[in-house]
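Asks: Mind looking over this structure? Questions follow.
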């Protein structure tokens, strides 16, 4: 009489606990939080761009997306939605979220570059946070929980 334990799926279990029972690692929580906060910041940026009535910088006519703030507002709104959705998916442990997070971090960093000539410190800050998020997803976003 054999007492072999039942076969377990190696992708969803580690020992006797399932992967979904594992707590979110610190780096994954960081990535989800950064994507969510950046999404909220981009949402505020888009609201500002849609409502702004003041004088624009003269160099904006040479900007990457043209000289209309509405264009920037729509781009930032789309980026905000992508960042917030990817944050939500990451914090709810979806594996699809890792790949959506890679795309969101890349697009977030690229959208930060559009205002590099006008606000370089903020742009570099956004880019640095997205680089760290990309690292978190690449190094710590696999299905095997880190020890």
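Coordinate-derived values only; no laboratory data. Note that the structure is a prediction, hence the values are computed from the model and not measured. FYI the Cβ positions are ideal-geometry reconstructions off the backbone, even for glycines, and counts take in every protein chain you see.
Asks: Please state the equivalent ellipsoid semi-axes for segment 73-147: what are the square roots of 5 times the Cα gyration tensor eigenvalues, largest first, in whole Å?
Replies: Semi-axes, largest first: 25, 15, 7 Å.
Asks: For an R0 of 22 angstrom, estimate the FRET efficiency from the Cβ-Cβ distance between residue 118 and residue 81 and round to the nearest 0.05.
Replies: 0.40
Asks: Please state the equivalent ellipsoid semi-axes for segment 24-140: what are the square roots of 5 times the Cα gyration tensor eigenvalues, largest first, in whole Å?
Replies: The three semi-axes for segment 24-140 are 28, 14, 10 Å.
Asks: Quick one: which of 26-35, 116-125 comes out on top by average Cβ neighbours within 10 Å, and what's the full order, highest first?
Replies: Per-residue Cβ counts within 10 Å, averaged per peptide and sorted highest first, yield 26-35, 116-125.
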